[in-house]
1. By the gyration tensor of its Cα atoms, with a ≥ b ≥ c the square roots of the eigenvalues, what is the shape of the range 3-64: rounded for a/c under 1.5, prolate for a/b over b/c, or oblate?
2. Pop the C-beta distance of LEU64 and LYS2 into the FRET formula with R0 = 22 Å and round what comes out to the nearest 0.05.
3. Which helices pass in the chain if a helix is a full DSSP H run, must span at least 18 angstrom along its long axis by Cα, and must have mean Kyte-Doolittle hydropathy not below 0.0?
4. Note down the nm distance, to one decimal, between modelled labels 7 Å out along Cα→Cβ at GLU167 and at VAL35.
5. Please report TYR26, TYR143 as a ranked list, fewest other C-beta atoms within 10 angstrom at the top and most at the bottom.
6. What translational diffusion coefficient, to the nearest whole µm²/s, does the chain have by Stokes-Einstein, given a Kirkwood radius computed over alpha-carbon pairs, a temperature of 25 °C and 0.890 mPa s viscosity?
7. Shape verdict for the range 68-166, please, from the Cα gyration tensor: rounded (a/c under 1.5), prolate (a/b greater than b/c) or oblate.
8. Net charge around ASN85, counting only other residues with Cβ within less than 15 Å of its Cβ (Lys, Arg = +1; Asp, Glu = -1)?
Amino acid sequence: MKEKTRENVYTAFIGEAKAYFRLLAYAEKAEEEEVPQIALLFRAVAEAERVHATRHLNLVRDLLVKDTDTNLLDSFKREQSISENEYPEMIKAAEDEGETQAATTFGQARDAEAYHAKLYERALYQVIKNTVKAYQVCQVCGYVTDKKAPEKCPVCGAPREKFKTVE
């Protein structure tokens with residue numbers, strides 16, 4: 001695929017993926033406002049956007065998705081960079097502007113991303129190979145553990161009930 005088309009396909013993939021999540025949020029709001037028909041419309045179009053994103057991703061998949069070892073290393077590096085570089089900058093900007101809620105969510109995401117990096121690192125060294133049957137994901141901050149869900153999330157303090165099992 002030629003460079004400009006590849007860039008456009010990737011840009012379209014990102015846009016469609018964002019639209020998918022945005023429309024799901026719109027559907028949730030419509031449900032809260034007791035407008036079920038509009039919520040249904042938003043969910044239907046969200047599903048269409050997911051289809052578009054998947055089709056675009058499939059066109060550039062070979063550029064983005066490599067062998068598992070490469071994907072693990074790439075994921076480790078991304079999580080590490082995000083937690084060590086990007087989120088600290090976002091936290092500082094939010095704090096400078098007095099946006100405490102944003103600073104809190106950025107801080108929790110930073111901490112969760114650091115845990116994600118550790119999980120990827122363990123996988124790179126094959127510490128978790130064939131031993132993990134499920135992960136527990138905090139639905140408040142995104143912390144992930146390969147152990148039993150803790151009584152309280154170590155990142156945000158959410159109770160055990162806020163964890164979702166991913167098998």
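1. It is prolate, given that a/c is not under 1.5 and a/b is the larger ratio.
2. 0.85
3. Those that pass (Cα extent of 18 Å or more, hydropathy at least 0.0) are 36-64.
4. Here the modelled spin labels are 3.9 nm apart.
5. Ascending Cβ contact count within 10 Å gives the list TYR26, TYR143.
6. Here the translational diffusion coefficient equals 133 µm²/s.
7. Cα axes put the range 68-166 in the oblate bin.
8. Surrounding charge for ASN85 is -2.
Here, each number is a calculation from the coordinates, and none is a lab measurement. Just so we're clear, the structure is a prediction, and the values are computed from it rather than from any experiment. Here Cβ is always computed from backbone atoms with ideal geometry, including for glycine, and neighbour counts include all displayed protein chains.
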